[in-house]
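**Student:** Okay, handing you the structure first.
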Amino acid sequence: MRLVLLGPPGAGKGTQSSRLMKAFGIPQLSTGDMLRAAVKDGSPIGREAQAVMNAGKLVSDEIVIKLIDDRIERDDAANGFILDGFPRTVAQAEALSHLLEQKSMRLDAVIELKVEQGRLVERMRQRVTEAKARGETVRDDDNAEAFEKRLATYHEQTAPVSEYYDRRGQLHAVDGMGSIEQVSKSIDEHVKHNQAASSG
Ligand code: ADP
């Protein structure tokens, strides 16, 4: 099962990815997590990415495509994966198509979580409050200013990715405003439908 989860920051991609990961026994490949790990390690990629991430802008296509290309090759991704936060530009989506083609792989489904803008800001604030209450570190880009910029970046550069998959008939929009259970149920329905379609 190879899935792409699309949706604005705060849409619930991370929550749904963790669940799908357990349900299907496949890894969640999050470019955001990979980049945060690189920043923490102080690697050359991390040093280059840090300021860009904190400003709510996108790291270069070249860097994230390389991260995903390497990650997909690892053994644990042989039976599938969930892409979370990638592709985020049309160039990344095209590179992914090319990459999968070379490996004779294809995507089973692309799921877009739809959530109203006002709700996204609320969720980000809640995430920060909860993290602080638990004594966890708050992400450097989880503040009103950076979040606003991340939303703008999403509309400018990532919304066209949905159109890219829609044109190819691969996009499934899911209402992301309900409870976690409701959203999970809608995603599972799409996934099952697609599994049936690809096996039949
Ligand atoms: P969220 O899901 O909350 O939007 P992520 O954890 O996916 O955030 O990503 C955090 C930041 O990492 C992004 O704002 C961006 O700077 C960078 N990033 C993550 N994935 C990509 C990508 N595919 N292309 C470019 N930049 C990325």
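**Student:** I need the full set of residues from the stretch 40-57 which are more than 11 Å from LYS149 (Cβ to Cβ) and of a type in the set (D, E, K, R), in order please.
**Tutor:** Hits for the stretch 40-57 are LYS40, ASP41, ARG47, GLU48.
**Student:** OK, next. Any residue at all in the stretch 114-130 that is more than 10 Å from the ligand (Cβ to nearest atom), touching a strand residue (DSSP E or B) at 6+ places or on another chain (Cβ under 9 Å) and either assigned to a strand (DSSP E or B) or closer than 26 Å to ARG167 by Cα (or both)?
**Tutor:** Taking every residue of the stretch 114-130 in turn, at least one turns out to be more than 10 Å from the ligand (Cβ to nearest atom), touching a strand residue (DSSP E or B) at 6+ places or on another chain (Cβ under 9 Å) and either assigned to a strand (DSSP E or B) or closer than 26 Å to ARG167 by Cα (or both).
**Student:** Considering the stretch 1-26 alone, what residues qualify as being over 12 Å from the mean Cα position of the chain (by Cα) and farther than 14 Å from PHE86 by Cα?
**Tutor:** MET1, ARG19, LEU20, MET21, LYS22, ALA23, PHE24, GLY25, ILE26 - these are the residues of the stretch 1-26 that are over 12 Å from the mean Cα position of the chain (by Cα) and farther than 14 Å from PHE86 by Cα.
**Student:** With ASP75, ASP108 as the choices, which residue is modelled with pLDDT of 95 or more and more than 23 Å from ASN54 (Cβ to Cβ)?
**Tutor:** Of ASP75, ASP108, the one residue that is modelled with pLDDT of 95 or more and more than 23 Å from ASN54 (Cβ to Cβ) is ASP75.
**Student:** What tally of residues in the stretch 167-184 results from selecting those that are without any contact (Cβ under 8 Å) to a residue 24 or more places away in the chain and either among the aromatic types (Phe, Trp, Tyr) or not in a loop (DSSP other than H, G, I, E, B) (or both)?
**Tutor:** 3
**Student:** Among the residues of the stretch 185-196, is any farther than 17 Å from LEU6 by Cβ, hydrophobic (A, V, I, L, M, F, W, C) and surrounded by 12 or more Cβ atoms within 10 Å (Cβ to Cβ)?
**Tutor:** Within the stretch 185-196, none of the residues are farther than 17 Å from LEU6 by Cβ, hydrophobic (A, V, I, L, M, F, W, C) and surrounded by 12 or more Cβ atoms within 10 Å (Cβ to Cβ).
**Student:** Could I ask something else about it? Which of the numbered conditions does ILE45 fail, given that it passes all the others? Conditions: (1) on the phi < 0 side of the Ramachandran plot; (2) exposed (fewer than 14 other Cβ atoms within 10 Å of the Cβ).
**Tutor:** Every listed condition holds for ILE45 apart from (2).
**Student:** Let me ask something else. Test VAL138 against the criterion of being surrounded by 14 or more Cβ atoms within 10 Å (Cβ to Cβ) and either over 16 Å from the mean Cα position of the chain (by Cα) or not in a helix (DSSP H, G or I) (or both), and give yes or no.
**Tutor:** Considered against the rule, which asks whether it is surrounded by 14 or more Cβ atoms within 10 Å (Cβ to Cβ) and either over 16 Å from the mean Cα position of the chain (by Cα) or not in a helix (DSSP H, G or I) (or both), VAL138 comes out as no.
The values are calculated or read from the model by the stated rules, or taken from the named source; none is laboratory data. Bear in mind the structure is a predicted one, so any value in this text is a computation, not a measurement. Cβ sites come from the backbone with ideal geometry, for glycine too, and all protein chains shown count toward neighbours.
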